[in-house]
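Notes for the one structure printed next.
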Amino acid sequence: MKPVFEKPFTQQEAISEAVIERIGDILRSGRLHRYNVVEGEEAEATLLEREYAAWQGTKYCLACTSGGYALQLAMRATGLQQGDAVLANAYTLAPVPGAIHAAGGQPVFVEINDDWRINTDDLAAKAESSGAKFLMLSHMRGHIADMETISAICQKHSITMIEDCAHTMGATWNGIRSGNFGTVAAFSTQTYKHINSGEGGLFTTDDPYVAARAIVMSGSYMLYGSHGAAPNTEIFDEIKLVSPNMSGRMDNMRAALIRGQLAGLDENVSRWNSRYQALERTVATSPKIFTAKRPQQEHYVGSSFQFRPKLAPDLFPTLLENCGKRGVDIKWFGAAEPKAFTSRYDSWKYLGEQPRLPKTLDVLSTTCDIRVPLTFNEDDCTLIGEIIVDEVKALYT
Ligand SMILES: *Cc1c(COP(=O)(O)O)cnc(C)c1O
């Protein structure tokens, strides 16, 4: 009998009793809206902004409704105008091109390398040829590209870098937190990211004008004075009447969920990484599977695992089916139609015809992805790895 894995890939850990207690208090108070405070009280969302800015090491932080919303705000608050070109790595998740589209930008997709990171030569070439003044850099699936090279390209062409840190909350590059290289960083606290508040987004920046515009745009009704990590009021005086309200505030219950998990984030990063490493160690024993070598500068968060079996793409449906029968839920970015989160740049038809990116299509044609929830232990990850190695081998011989 072949071993079968039996846990679900979508099960997150329970919320702690202390947080449940805190949310109970908020519910009993009836003051769920962040601006609904009594004399002398600071809202949970305000406290979160102060704590997250301190944790991330940025001057300003805005709590908002989702990571995708934070990305939209990032472009609007840094001055994107209708029709502006936005460089973006072609391997990303659907909310990223969606945010560019919603903010009025035109994506210019950049090729990726074998290890899923953005190709910096293609980035330099397209920065030159497109004249784009924005880069939406997704640290997709937690893979951080060479940030010194990317920063130099942005500097040379006066490009505003926005970092999509949905998969790198808690990660660093050369000792600097992911998110602190660009002008703005956007984080998600949606259930499958590194902090689980169901839905939620965090926007960080060191630029006072960008912060002020984002706060007003998020729907602050001139109550920006009560924010937890905001610039001083003179900055708001300059921008408040020319920044539209595009409601996307965070409520106090979600803020309590995030605050309650922030203290444990660094420990969870280690827990993710020991699981990731058990999986990667096992899968890397197969000569028939490519896994990414993580650069020394990168301190990653292994909350998902990518690998590329060296099989013809037409064998992948069988591989997925065989692994699925043994309880291993693999997502594949090579299918003609996206399934779950596996869409590719050529799936986003609303953007119109895009130039062909042969390298990205080639890499994604064999890219497999699995989630690594903390409800798995290291033995689980070893077993998953063994099943993958086994089933790839079965298709080879
Ligand atoms: C989840 C995700 C987002 C958006 O986050 P939401 O909070 O779901 O809007 C953006 N980029 C990437 C790469 C993501 O995985």
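Here are the numbers for this structure:
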{"quantity": "Cα-based reach from residue 193 at 30 Å (exclusive), listing lysines while leaving out same-chain residues under 8 positions away", "calculated": "7, 59, 133, 288, 293, 310, 325, 331, 339, 349, 359"}
{"quantity": "Crossing angle, helix 17-29 versus the chain [Cα axis fit, 0-90 degrees, rounded to tens]", "calculated": "40 degrees"}
{"quantity": "Crossing angle, helix 147-156 versus the chain [Cα axis fit, 0-90 degrees, rounded to tens]", "calculated": "50 degrees"}
{"quantity": "Listed residues 288, 193, 156 arranged by accessible area, highest first, probe 1.4 Å", "calculated": "156, 288, 193"}
{"quantity": "With Cα atoms, 0 to 90° folded angle of helix 252-262 axis to the chain main axis", "calculated": "60 degrees"}
{"quantity": "Cα principal axis extents for segment 10-71, largest first, Å", "calculated": "39, 32, 21"}
{"quantity": "Overall dimensions of the chain by Cα: Rg and Dmax, Å", "calculated": "21.4, 72"}
{"quantity": "For residue 231, net neighbour charge (Lys/Arg +1, Asp/Glu -1) across residues whose Cβ lies under 13 Å away", "calculated": "-3"}
{"quantity": "Accessible surface of the chain, 1.4 Å probe, proportion on carbon and sulfur as whole %", "calculated": "51 percent"}
{"quantity": "Surrounding net charge for residue 65, when Lys and Arg each add one and Asp and Glu each subtract one, Cβ distance under 13 Å", "calculated": "+1"}
{"quantity": "Separation between Cα centres of segment 79-146 and segment 231-275, rounded to whole Å", "calculated": "24 Å"}
{"quantity": "Segment 327-397: trypsin sites (Lys or Arg not before Pro) in DSSP loop, at most 14 other beta carbons within 10 Å", "calculated": "339, 356"}
{"quantity": "Amide H within-cut-off set for residue 13, under 5 Å, with H built and near neighbours excluded", "calculated": "374, 375"}
{"quantity": "Vicinal HN-Hα couplings computed from phi for segment 66-73 (Karplus, 6.51 cos²θ - 1.76 cosθ + 1.60; Hz; Gly/Pro x)", "calculated": "7, x, x, 5, 4, 5, 4, 4"}
{"quantity": "Amide H contacts under 5 Å for residue 298, placed H, 5+ residues apart", "calculated": "174"}
{"quantity": "Per residue, in Å², the accessible surface of the chain once ligands and nucleic acids are set aside, probe 1.4 Å", "calculated": "41 Å²"}
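The values are calculated or read from the model by the stated rules, or taken from the named source; none is laboratory data. Being a predicted model, the structure only gives us computed values, none of them experimental. Cβ sites come from the backbone with ideal geometry, for glycine too, and all protein chains shown count toward neighbours. What goes into the accessible areas is simple: the full protein's heavy atoms, side chains included, and nothing from ligands, DNA or RNA. Shrake-Rupley method; radii C 1.70, N 1.55, O 1.52, S 1.80 Å.
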